[in-house]
Amino acid sequence: MLRSLYTAATGMEAQQLKMDVTANNLANASTTGFKKGRAEFEDLISETMRAPAEPTPNGGTDPAPLQVGLGVRTGSTTRTWSQGDLLSTGNPLDVAIEGDGFFRVQRPNGELGYTRAGNFRVDAMGRLVTQRGDLVEPGIDVPAGAKQITIQSDGSVLAQVDGSPHPDELGTLELSLFANPSGLLAIGNNLFTATPASGEPMHVRPGEQGAGGISQGFLEGSNVKAVEEMIDMISTQRAYELNSKVIQTADQMLQRLTQLR
């Protein structure tokens, strides 16, 4: 019965973490480019009371083991990288990725970050930056007075500059691809950093080597589906309650044992 107490406690702890993940998903249901998380569980080691054995000359055998599991733990939390809905904004500096890839930005500490959020703007120095001021890489400078900024599906950034009869090309937006996007580390502010598990990024133009395309005037919404998360939350709550019931029942059984004379 002590074993059942500890086993049920691991179940409650795992379901609590799953509820935390669901709560974070719902909190970011309107966050640009957010990818929902998912908790993945794995069972703990089993206590072996009797190992299986081969038949003996006398005919005795244990064809199956006698084992009791000792609970569950959270193996990892992963991201679901499905495409979010494209939301029209009409802002020429808003860009959505359709398919695989991340925008590359330079953080204030000089390190690179990767994001699916393409809500860009131009800072006081004419540089294309994120909403928090991180520089978009490779750098794109927008001249003062530039008009009709166009971001093409291949990443080319064009603008009509005073004194020029034709639009000037200001630079190119690139996308970064990873062999294992699930290995990226979320650091907040819609940013991820590369890790040994994600592999080194490959920088390509949109639409090349498996990278997605980009659409100007749109933003990618979160891929969180509120109804699915609510259903998941209910099932998580029920699993938590069942594990709690196991603890209550085991406690009652222990009380009954202590009353035996």
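Non-local lysine pairs in the chain, meaning eight or more places apart or on different chains, with alpha-carbon distances under 20 Å, amount to 6.
Computed from Cα atoms, the angle from the helix 2-27 axis to the main principal axis of the chain rounds to 20 degrees. Residues whose amide H falls under 5 Å from that of THR89, counting only those 5 or more places apart or on a different chain, are PHE218, LEU219, with hydrogens built in the peptide plane. Residues ILE231, ILE45 in ascending order of nearby Cβ atoms (within 10 Å, fewest first): ILE45, ILE231. Across region 209-214, rounded Karplus estimates of 3J(HN,Hα) from the backbone phi angles (6.51 cos²θ - 1.76 cosθ + 1.60, θ = phi - 60°) give 6, x, 6, x, x, 10 Hz, Gly and Pro being marked x. Using only alpha carbons, region 76-137 has a radius of gyration to Kirkwood radius ratio (Rg to Rh) of 1.01. Using the Karplus relation 6.51 cos²θ - 1.76 cosθ + 1.60 with θ = phi - 60°, the per-residue 3J(HN,Hα) values for region 108-123 come to x, 7, x, 7, 8, x, 10, 8, 9, 7, x, 7, 8, 8, 10, 7 Hz, with x marking Gly and Pro.
Neighbours of LEU175, meaning other residues whose beta-carbon lies under 12 angstrom from its beta-carbon, give a summed charge of -3 when Lys and Arg score +1 and Asp and Glu score -1.
With each label modelled as a point 7 angstrom along the Cα→C-beta vector, the GLN67-LEU112 pair spans 4.4 nm.
Taking the square roots of 5 times each eigenvalue of the Cα gyration tensor of the chain, largest first, gives ellipsoid semi-axes of 55, 21, 14 Å.
If Lys and Arg each add +1 and Asp and Glu each add -1, what is the summed charge of the other residues whose beta carbon sits under 15 Å from the beta carbon of GLY207? Counting the neighbours of GLY207, the net charge comes to -4. Here the gap between GLU169 and LEU242, fully extended at 0.36 nm per residue and compared with their Cα-Cα distance, gives a gain of 20.1 nm. What number comes out for the charge environment of ALA8, summing +1 per Lys or Arg and -1 per Asp or Glu over other residues with Cβ under 13 Å away? That sum, taken over residues with Cβ under 13 Å, equals -1.
Computed from Cα positions, the angle between helix 226-258 and the longest principal axis of the chain comes to roughly 20 degrees. Taking a point 7 Å from the Cα of SER82 along the Cα-to-Cβ direction, the residues of region 205-226 with backbone N closer than 18 Å to it are 220-226.
If you run the Gaussian network model on the chain, springs between alpha carbon atoms under 10 Å, then out of THR74, THR115, THR48 the most flexible one is THR48. For region 86-220, the spread of Cα positions along the three principal axes, ordered from largest to smallest, is 49, 30, 24 Å.
Considering helices alone, the calculated mean residue ellipticity of the chain at 222 nm is -8000 deg cm²/dmol, with DSSP H runs of length four and up weighted by -39500 (n - 2.57) and normalised per residue.
Any read-out appearing in this document is the output of simple, stated calculations on the displayed coordinates, not a laboratory observation. In this text the structure is predicted, and so the values were computed from the model without any measurement. Cβ coordinates were reconstructed from backbone atoms using ideal geometry, including for glycine residues, and neighbour counts include every protein chain displayed.
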